Structures are given as structure tokens and as C-alpha cells.
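The values are calculated or read from the model by the stated rules, or taken from the named source; none is laboratory data. Owing to the predicted nature of the structure, the values given are computational and were not obtained by experimental measurement. In this analysis, Cβ positions are derived from the backbone assuming ideal geometry, glycine residues included, and neighbour counts consider all displayed protein chains.
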Amino acid sequence: MNTTSLQTFIEAYKKEIDQRLPLFIENLSCPGRLKEAMLYSLNAGGKRVRPLLMLATIATYRDIEETDYQVACALECIHTYSLIHDDLPAMDDDDFRRGKPTNHRVFGEAMAILAGDGLLTRAFELVSTLEGVSPEVKMTLVQQLAEASGAEGMVGGQVADLEGEKKELELKELEYIHHHKTGALLRYAIVAGAILAKATEEDIFHLRTFSEQLGLVFQIKDDILDVEGNPDQMGKAIGSDESKLKSTYPRLLSLEGAKEKLQIHADQALSSLHSIEKDVSLLAQFVEYITNRSH
């Protein structure tokens, strides 16, 4: 793919993702209120970082095809389910997400839980019913998605995060949380994109390393924004980590130390791309985008 600016890429492909996402839910035969709750959170906006990263990885090797959108949208369904459940009173107890009332504030706790369940299971249906993809590739994509989103990935990271509240964690423990709670789905986005694009095993190895460093960049930036972000841009209150006595990079390293750590992982992410003999400029621009984001 020819070098293109990340902004141009985001504007073009975020629109494509936003158009397709609700279509995968609207055609379900299910109770109307459930469908409404699922669509409420899917349509609430968001940067679509995970599906865009997947498409950017694919675009590094070949043109993006319709099948790719189905996997990208499945990934966004899982991310959205995790946000719905994270916001519940039993978890983070948040009232706003992306500037709008959280799902359980609109539909009630029971329906929010079920909307999340619906999005999670729909995601696996979308990946398992891909057309034009070999059974072996589909099996790999499903297995890795289960690992990334389940007890060994995002769910396990969320548990470690909950158990770490009101405790002074060591940096290694905090990195475990971030590698799993946030990093696992980001890693899946990039590795799944590479698998769909038929990248070499060597390239997949380097892209996995890239994704692990990028996941830390993403979460460290989140921690920093929780201290100095703009609530209007964030779409939610800031300072929630501090109020819950959570261990964060600014809390463990100071705000300045967290910013230094952010740059270290950003540099390591960029370094991991050097061994890939493709035009990786789009992925490199994502590092800068995530490092410098304001929300």
C-alpha cells in the first residue's frame, strides 16, 4: 500500500466501520429492547482504535476486503461489551461513557449485562461464519479471540485490576494488568490482521512485539489522561483512578515518570517495526497518534 496519512486513513475507514457495525446487530432475531441496548453502546461513538489497527495491519500487506470488516466489527463488539460491563455498579460504577449516560443508566443493570453478553457472543458468530477464509484460519482467529478476551486475557486483567484496588502494586503487577486488560485486544487486532493478510511468521512475531508495546503505550496514556485530561474531550469524569486508590503509572512513577515510561514503550514499539520489509508507515503513525491523543 502506498504511504498515506493516518488522518486520511482514519477518516475513510472509521466511516466504513461505523456504517457496518449496526448492520451486524440490526439483522438479529431477538427482543427489541435487547437490540436497542446493544445498538445504544455500539452507536455511542468512540475512536474505533482496535478495528482501525486491524485494518491498518492488513493494508500494510494488501487491499482491504469485505471479509476484513466483519472481523474488525466483531472485535469492536467485544470491546463495547467490555465497556458496558466495566461501567456497571459492581465494577467501576460509572454514570457516563463517551459523553452519554452509561448503558445500565438507560436500560437498567440486567439489560446492560445481557446487552454485553449479546455483543460478546455475536462477535464469535461473526468470526466463525466468515466466507472465503479457510477453516484453519477461522479456527485460529476464534481461538486467539477467545484467549485475548477471556480469562487469560482481558477478563483476567480486569480481575487483577479489581483485586489491585486500594493496594500499592509493584510496576510488574501493574504491567500484568495492562498487558491483559487493555493490551490483549490490541494485540489481537494486529496479529489477526496479519493472519488475514497472510503475513510471514517472522513478520507476525515482530508485529506481536509491536502490539505488546503499543498496548502499554495506550494504557499509560490513559493513566496520564485520568490525571490531566479534559473531561469535555474525554466524555467522562477524570480522577476516577485516584478516587478508587488504583495503582497507576503516575501514582507509581510520578506524572513526569509516567510520561518518560510512555516514550520508552513508544520507541520500543517503533523499533519492532524496523525488521518488517513492508511500508509500515501507517502503523508507525498509530504510535504517535496514541501517544499524543487528548482523549
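Residues considered: I238, I276. Of these, the only one that is over 18 Å from G183 (Cα atoms) and modelled with pLDDT of 95 or more is I276. Among the residues of segment 150-161, the one identified as among the aliphatic types (A, V, I, L, M), within 14 Å of H85 (Cα to Cα) and exposed (fewer than 15 other Cβ atoms within 10 Å of the Cβ) is V159.
Condition check ((1) assigned to a helix (DSSP H, G or I); (2) under 16 Å from V71 (Cβ atoms); (3) not aliphatic (A, V, I, L, M)) across all residues:
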site: M91; (1), (2), (3): no, no, no
site: R122; (1), (2), (3): yes, yes, yes
site: G132; (1), (2), (3): no, yes, yes
site: Q144; (1), (2), (3): yes, yes, yes
site: E152; (1), (2), (3): no, no, yes
site: V155; (1), (2), (3): yes, no, no
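If you check G193 against the conditions, is it modelled with pLDDT of 95 or more and under 18 Å from H85 (Cα atoms)? Criteria not met by G193. All of L39, L6 fail the test of being modelled with pLDDT of 95 or more and of a type in the set (A, V, I, L, M), apart from L39. Scanning segment 1-43 for residues that are assigned to a helix (DSSP H, G or I), within 19 Å of T80 (Cβ to Cβ), free of Cβ contacts under 8 Å to residues at least 24 places away in the same chain and under 20 Å from the mean Cα position of the chain (by Cα) yields K15, Q19, L39.
Suppose we filter Q144, Q158 for residues that are polar (S, T, N, Q) and at pLDDT below 95; which single one remains?
Answer to the check: Q158.
Candidates E125, E168: the one that is of a type in the set (D, E), under 30 Å from L253 (Cβ atoms) and surrounded by fewer than 18 Cβ atoms within 10 Å (Cβ to Cβ) is E168.
The condition (being touching a Phe, Trp or Tyr at 6+ places or on another chain (Cβ under 7 Å) and within 30 Å of L273 (Cβ to Cβ)) is satisfied by just one residue among L21, L55: L55. If only residues of segment 93-122 that are among the charged types (D, E, K, R) and surrounded by 19 or more Cβ atoms within 10 Å (Cβ to Cβ) are counted, the one that is nearest to the chain's Cα centre (by Cα) is R97. Among the numbered conditions (1) at pLDDT below 95; (2) in contact with a Lys or Arg (Cβ under 9 Å, 6 or more places away or on another chain), the only one that M91 does not meet is (2). Within the set of pairs 6 or more residues apart or between chains, which connect a residue that is closer than 13 Å to N43 by Cα inside segment 86-102 to a residue that is crowded, with 17+ Cβ neighbours inside 10 Å and of a type in the set (F, W, Y) with Cβ atoms less than 9 Å apart? These pairs meet every condition: K100/Y40. Looking at segment 179-196 only, could you name the residues that are surrounded by fewer than 23 Cβ atoms within 10 Å (Cβ to Cβ) and under 27 Å from G132 (Cβ atoms)? Within segment 179-196, just I195 meets the criteria.
Would you pick out the residues in segment 10-27 that are of a type in the set (G, A, S) and in contact with an Asp or Glu (Cβ under 9 Å, 6 or more places away or on another chain)?
Selection gives nothing.
Go through the residues of segment 242-257 one by one and say whether even a single one is touching a helix residue (DSSP H, G or I) at 6+ places or on another chain (Cβ under 8 Å), at pLDDT below 90 and crowded, with 19+ Cβ neighbours inside 10 Å. There is at least one residue in segment 242-257 that is touching a helix residue (DSSP H, G or I) at 6+ places or on another chain (Cβ under 8 Å), at pLDDT below 90 and crowded, with 19+ Cβ neighbours inside 10 Å. One residue stands out in segment 178-224 among those that are touching a residue at least 40 places away in the same chain (Cβ under 8 Å), assigned to a helix (DSSP H, G or I) and among the β-branched types (V, I, T): the one that is nearest to V49 (Cα to Cα), namely I190.
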